[in-house]
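Beneath this line is the structure, given in structure tokens, with notes to follow.
Readers should treat all values here as calculations from the given coordinates under stated rules, not as data from a laboratory. Just so we're clear, the structure is a prediction, and the values are computed from it rather than from any experiment. Ideal geometry is used to build each Cβ from the backbone, glycine not excepted, and the neighbour counts take in all protein chains shown.
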Amino acid sequence: MNYLKFWGVRGSYPAPFGSHMRIGGNTVCVELRVDDHILILDGGTGIIPLGNSLIKQDKIKDVTILLTHYHWDHISGLPFFVPVFIPGWKLNIYGPGNSQEEIKKRISGQMIDPYFPIEVETWLADINYLIAHKAEFEFGPFKVETFNVHHPGITLGYRITVHDKTIVYVSDHELGFLD
Ligand SMILES: [Zn+2]
């Protein structure tokens with residue numbers, strides 16, 4: 001079954017308000033599923049219900065996450081993404097950065113004492129931190145191209161091609177600041 005699902009669409013902070021429930025209150029997270037391959041775009045709080053859904057099945061235990069940048073609304077769900085705590089799961093996390101260590105540091109920084117009770121070392125899944133910046137790469141059926149987005153810090157957009165169909169994921173792009 002192939003589909004694209006928006007698990008979270010909010011920016012800046014979760015919006016658990018009755019007035020926002022028609023399209024949900026979680027911050028950004030999009031799931032692209034093609035056959036038995038799962039690609040997750042951003043790790044906002046929408047990734048929490050996605051993780052809760054994934055652990056109810058045992059067919060797929062290998063997922064790839066593409067992070068556009070490290071603002072809280074794009075990564076704050078990761079500490080609550082249950083598969084990270086389960087041995088046997090494999091997560092490839094791509095993000096902007098010049099080294100794998102830098103990417104790990106940017107993700108784990110939100111979990112260090114005193115901001116969070118447990119640190120990234122408690123993650124028991126097989127986690128790979130991978131450089132997405134200015135790269136072109138493939139995995140499973142996905143061909144991924146990256147490009148820079150106008151937004152504070154290094155922010156990436158992703159162009160994803162699967163079976164001759166393409167989607168482009170661009171978040172937080174500030175068109176108004178362009179010449
Ligand atoms: Zn941002």
Where residues in the range 33-61 are touching a Gly at 6+ places or on another chain (Cβ under 9 Å) and within 14 Å of the ligand (Cβ to nearest atom), which of them is farthest from Asn98 (Cα to Cα)? Gly44
Suppose we filter Lys104, Lys143 for residues that are away from the ligand (no atom under 16 Å from the Cβ), in a helix (DSSP H, G or I) and either closer than 22 Å to Pro49 by Cβ or free of Cβ contacts under 8 Å to residues at least 60 places away in the same chain (or both); which single one remains? Lys104
Does Tyr129 satisfy being surrounded by 20 or more Cβ atoms within 10 Å (Cβ to Cβ) and within 16 Å of the ligand (Cβ to nearest atom)? no
How many residues does the range 62-89 contain that are surrounded by fewer than 17 Cβ atoms within 10 Å (Cβ to Cβ) and either more than 16 Å from the ligand (Cβ to nearest atom) or of a type in the set (Ser, Thr, Tyr) (or both)? 6
Qualifying positions in the range 6-29 - out of contact with any Lys or Arg (no Cβ under 6 Å at 6 or more places or on another chain) and not in a loop (DSSP other than H, G, I, E, B): Phe6, Trp7, Gly8, Arg10, Gly18, Ser19, His20, Cys29
